[in-house]
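Below is one structure, written out as structure tokens; the observations come after it.
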């Protein structure tokens, strides 16, 4: 018999991010298994309060204050907020899943679970402290993250990470995780849903040119400035191009004075797939990841990644047979690897094929959904002990 599951996620589409993608695909996989799913999120974009989504889930968008340019929505507990929560509480809810640990919305999910008498599962998506690249703000953010985590712990949820790195990061807060509920991808579906856009033709690039792509938010923690430096080091190589899909506060830095960078802006998922189809390499010199969705997407197309050892990178690429794990986000090292793969197509092809086979065999959303259901069931059992 199907269960009713509430997934609390502070951010959701059309916002771009790994937690948003995780929420969407987890909800779809659960709905395909005949469970009823509610996605409870923040109404950052002033969209309808409630609607049925194409993935089979119902969405509830709670009023919020859009702090830090919408990156940190904070619950706005007005009359509409209380009405929506009361309506949701009238449902017969079996399980509550909370994505990420450090939002005000996180606490709302935990309070809702307590109201319903359900032991919640918290899935952490981080592997380092949040950063704004500011020596003034970052220590404050670190203090805040420890503070809100201490409050979250008082609810005694079952904690999981999206990767082994996320589990290790939870221990930084004196939290013993119950295990991994890894990020996943339906690789074949991702490829099949690619749009017909030909980015090489659109941008005037030849088949012999090497395309290095990045998809995601243009924020400091993603290593955007490092990638900008890599592009500068390789400006003389007019057969190597850097394509950035996404948006964020560092967009202007990418657009200024880089003849070998092309900024594509936000792309719909089918266009992201088409971009990766056209790409040769994918670079993610990120400071912090839970388990990067972008890495899984590039793997689905067999695009060789150059990624720092954060999040699930090493789980996806256990050796250099699948890509390159960077010990640190060093621009010179990355530039050397880009040149190597640009000049040794056979190495690129071998790594890409191995990676594509691995992601198809080991990472699927249906298997992750089953693990989430088992985690939720175990949380209820443990709460009775």
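The values are calculated or read from the model by the stated rules, or taken from the named source; none is laboratory data. All of these numbers come straight from a predicted model, not from anything done at the bench. Glycine also receives a Cβ, built like all others from the backbone with ideal geometry; neighbour counts cover every protein chain displayed.
The table that follows gives values for the structure above.
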item: Unique residue being touching a strand residue (DSSP E or B) at 6+ places or on another chain (Cβ under 6 Å) and assigned by TED's automatic domain parsing to the domain that holds residue 165 when the list is 379, 369, 307, 342; result: 379
item: So residue 133, is it modelled with pLDDT of 95 or more, surrounded by fewer than 15 Cβ atoms within 10 Å (Cβ to Cβ) and not assigned by TED's automatic domain parsing to the domain that holds residue 217; result: no
item: Condition met for residue 23 (buried (at least 18 other Cβ atoms within 10 Å of the Cβ), closer than 18 Å to residue 366 by Cα and at pLDDT 95 or above); result: yes
item: Condition broken by residue 92, with the remaining ones in (1) closer than 11 Å to residue 44 by Cβ; (2) touching a residue at least 60 places away in the same chain (Cβ under 8 Å) satisfied; result: (1)
item: Residue within region 105-128 that is assigned to a loop (DSSP other than H, G, I, E, B), touching a residue at least 12 places away in the same chain (Cβ under 8 Å), touching a helix residue (DSSP H, G or I) at 6+ places or on another chain (Cβ under 9 Å) and more than 24 Å from residue 371 (Cα to Cα) present; result: yes
item: Filtered residues of region 31-89 (kept if touching a helix residue (DSSP H, G or I) at 6+ places or on another chain (Cβ under 6 Å), outside any strand (DSSP E or B) and either under 21 Å from residue 101 (Cβ atoms) or without any contact (Cβ under 8 Å) to a residue 24 or more places away in the chain (or both)); result: 44, 63
item: Filter result (more than 9 Å from the chain's Cα centre (by Cα) and assigned to a loop (DSSP other than H, G, I, E, B)) within region 13-27; result: 13, 14, 15
item: Leading residue by the ranking (modelled with the highest pLDDT) among those in region 318-352 that are part of a loop (DSSP other than H, G, I, E, B) and closer than 20 Å to residue 221 by Cβ; result: 330
item: Qualifying residue in region 265-274 (condition: without any contact (Cβ under 8 Å) to a residue 60 or more places away in the chain and either surrounded by fewer than 24 Cβ atoms within 10 Å (Cβ to Cβ) or part of a loop (DSSP other than H, G, I, E, B) (or both)); result: yes
item: Filter result for residue 16 (under 23 Å from residue 117 (Cα atoms) and either buried (at least 18 other Cβ atoms within 10 Å of the Cβ) or assigned by TED's automatic domain parsing to the domain that holds residue 70 (or both)); result: no
item: Residue check, residue 96 part of a loop (DSSP other than H, G, I, E, B), closer than 30 Å to residue 127 by Cβ and either modelled with pLDDT under 95 or not assigned by TED's automatic domain parsing to the domain that holds residue 217 (or both); result: no
item: The listed residue being at pLDDT 95 or above and touching a helix residue (DSSP H, G or I) at 6+ places or on another chain (Cβ under 6 Å), out of 158, 150; result: 158
item: Any chance residue 72 is surrounded by 19 or more Cβ atoms within 10 Å (Cβ to Cβ) and over 22 Å from the mean Cα position of the chain (by Cα); result: no
